[in-house]
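Notes to accompany the following structure.
What follows is calculated from the coordinates using simple rules that are stated; it is not laboratory data. Worth saying up front: this structure is predicted, and the values here are computed from it rather than measured. A quick note on method: Cβ atoms are made from the backbone with ideal geometry, for glycine too, and the neighbour counts reach across all protein chains shown.
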Amino acid sequence: MNKDIAILGVGMHPWGKWGRNFVEYGVVAARAALADAGVNWRDVQFVSGAATMRNGYPGYVAGATFAQALGWQGAQVNTSYAACASGSQALAAARSKILSGECEVALVIGADTTPKGFLAPQKGERPDDPDWVRFRVGITNPTYFALYARRRMALYGDTQDDFALVKVKNAEHGFDNPNARYRKKFSAQDVAASAMVADPLRLMDICATSDGAAALIVSSLDYARRIGKKDAPRVAAISTVTPTFATDTVEMPDLATDSAVAAEPLRFRAALPRKAYEEAGIGPEDVSLAEVYDLSTALELDWMEDLQFCARGEAARLVREGVTRIGGRLPVNPSGGLACFGEAVPAQALAQVCELTWQLRGQSGSRQVQGAKVGITANQGLFGHGSSVIVKR
Amino acid sequence: MDAPVKTPVLEGWFTLDEREPHLLGACCSACGTYYFPKAIKFCRHPDCAGETFEEVKLSRTGRIWSYTNAAYKPPEPYISNDPFVPYGIAAVELEKERMIVLGQVASGVGVEALKVGMQVELILESLDDGKLTWKWKPLAENKP
Ligand SMILES: [Zn+2]
């Protein structure tokens, strides 16, 4: 049985720090996706929303909230929470409905309004909450990214200049992207001149948080054929596996790894694309482009290795050789990545799929990856959540 | 007169022996897996049904797996003086427990003094609010 579904339409609300209600962004993205798909809102049978968790914030009820804002029309509804992978889980829910024959066409949607300033835990003395605990002893988000970056420097000889090259590349990629928040070219000198946040990472090595929304209209292959879109890009794999004990990396917000006395240490990030490749029946050699979660510049290098684009320790060389630039053999983050977008958690995994869709249709204008046939996404968030999606044409 | 007893930033996370402090962990009686922090009721090894744990003192020396610093003042609930003084942070690999544990680095030790693979020991120091916390300090004699 063919387990593919078709991506009929995609849409986004530009990323930024707009400070408006997330529902507004979601509706803009959904209407754009519907128009792109040529599908009437009344024909959508399933609304799958990607949620985020913030106390006192209505993002919990994503699916129903967007369905109401678009006008109740009796569709079935779902809300998925999986931190940075929320969008992929919402997509997986839609795929299950479609493949089981319960619906033919679905809207998958995620939107976010991020709070101003530092992401900080809720108030109060809460020693049972690992997120509160680590802030209490002075461990912030950049700490984790910096530990991974420094580890690369010690193990593979990567330099801060290598990390800066990732920023320079992504800034160039996103420069013309109308949905990107930061559209400015930077030099390696600009990166080196930005303030140190968590040695070896500087301000410009670390991504910001943003408002934004992304939406997909997906359907059965049969439905796509019936409306004259048999060549639409297809979702070939959605991996949302958990880590496997014992995890080898200290993950936010923990203060320690698992103990590996009774089980081998394993890397979570590498497991995500491995499952996606297996599901799609393809390998890294088949990939034309990738959208990866560059929470930091150095993390993009980790992802390249986790995606098996090269052996461990080789990623910086690929960046130096221009392999991951648009025009190179394997462009990474042609959208500009988180470096140009900033993170809008429940929308980000879907934004990655939007970019792959435009690229595979040849509609990416100045950032087009020539001959793009297969794209892969990768992301990882809190609490053992992560995903990798493969789109092919 | 005795010096006033200092309170730990987190109750029960480490011993208060200022000369040779230990982090307090748990060890699964069934499979030997260690946990830090020690609050654990059900073993997380997927093949282990263990529900009894022994409180154990974790190794107080290890090697630096990686390190960084906090160049900016963290948000609350971290409490720090003004002006903020940056501090180092190390992820330290404990050989016996086969786990990596984070902690601040002893005050006055900057990132330039740290190296991956360096041997460190656990010490107790006060945070700016006077509460005791665990920190990692490079050993005077470091064997490669
Ligand atoms: Zn056990």
Seminar exercise, completed: Going through A:Lys97/A:Lys229; A:Lys116/B:Lys38; A:Lys97/A:Lys275; B:Lys41/B:Lys131; B:Lys6/B:Lys73; A:Lys17/B:Lys41 one by one, the pairs whose alpha carbons sit over 31 Å apart turn out to be A:Lys116/B:Lys38; A:Lys17/B:Lys41
Seminar exercise, completed: Ranked on Cβ counts within 10 Å of their own Cβ, fewest leading, A:Thr249, A:Thr242, A:Thr209, A:Thr114 go A:Thr242, A:Thr209, A:Thr114, A:Thr249
Exercise. For labels at B:Val85 and A:Ala193 in the simple 7 Å Cα→Cβ model, what's the distance in nm?
Worked result: 3.2 nm
Problem set entry | Karplus-derived 3J(HN,Hα), 6.51/-1.76/1.60, for each residue of segment B:115-124, Hz, glycine and proline x | 8, 5, x, 5, 7, 10, 10, 7, 10, 10
Problem set entry | Exposed GluC sites (Glu not before Pro) absent: longest stretch of chain A, with sites in DSSP loops and at most 15 other Cβ within 10 Å deemed exposed | A:126-313
Exercise. In which sequence would A:Asp306, A:Asp231 go, from the one with the fewest C-beta neighbours within 10 Å to the one with the most?
Worked result: A:Asp231, A:Asp306
Seminar exercise, completed: With only helices counted (DSSP H, runs n ≥ 4, each -39500 (n - 2.57)), the per-residue ellipticity at 222 nm for the protein assembly as shown, to the nearest 500, works out to -8000 deg cm²/dmol
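With +1 on each Lys and Arg Cβ and -1 on each Asp and Glu Cβ, how big is the dipole of segment B:60-144 about its Cα centre, in debye rounded to the nearest 20? Provide the component values of the computation, followed by the final result.
On the way: 10 positive and 11 negative charges, 67 e Å.
For this selection, approximately 320 debye.
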Problem set entry | Ascending count of other beta-carbon atoms within 10 Å, so fewest first, for A:Asp222, A:Asp248, B:Asp128, A:Asp294 | A:Asp222, B:Asp128, A:Asp248, A:Asp294
Seminar exercise, completed: Two pseudo-spin positions, 7 Å from Cα along C-beta at B:Glu51 and at B:Ala113, lie apart in nanometres by 4.9 nm
Problem set entry | Unit charges on C-beta of K, R, D, E only; dipole of chain B, Debye | 360 debye
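So, with +1 on the Cβ of K and R and -1 on the Cβ of D and E, and no other charges, what is the size of the charge dipole of the protein assembly as shown about its Cα centre, to the nearest 20 debye? Each step should come with its number before you reach the end.
Numbers: 58 positive and 61 negative charges, 316 e Å.
Its charge dipole is roughly 1520 debye.
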For this session: Determine ³J(HN,Hα), in whole Hz, for all residues of segment A:15-29 in sequence, where each value follows from phi through the Karplus function 6.51 cos²θ - 1.76 cosθ + 1.60 and θ = phi - 60°; x replaces Gly and Pro.
Result: 6, x, 10, 7, x, 9, 5, 4, 5, 4, 4, x, 5, 4, 5
For this session: Under 13 Å Cα to Cα from B:Lys57, which aspartates and glutamates show up? Leave out anything in the same chain fewer than 8 places away.
Result: B:Asp17, B:Glu20, B:Glu97
For this session: Mind giving me the nanometre distance, one decimal, between the label points for A:Leu155 and B:Phe42, set 7 Å out from Cα along Cα→Cβ?
Result: 3.2 nm
For this session: Order the peptides A:28-35, B:51-58 from the highest to the lowest mean number of other Cβ atoms within 10 Å of their residues.
Result: A:28-35, B:51-58
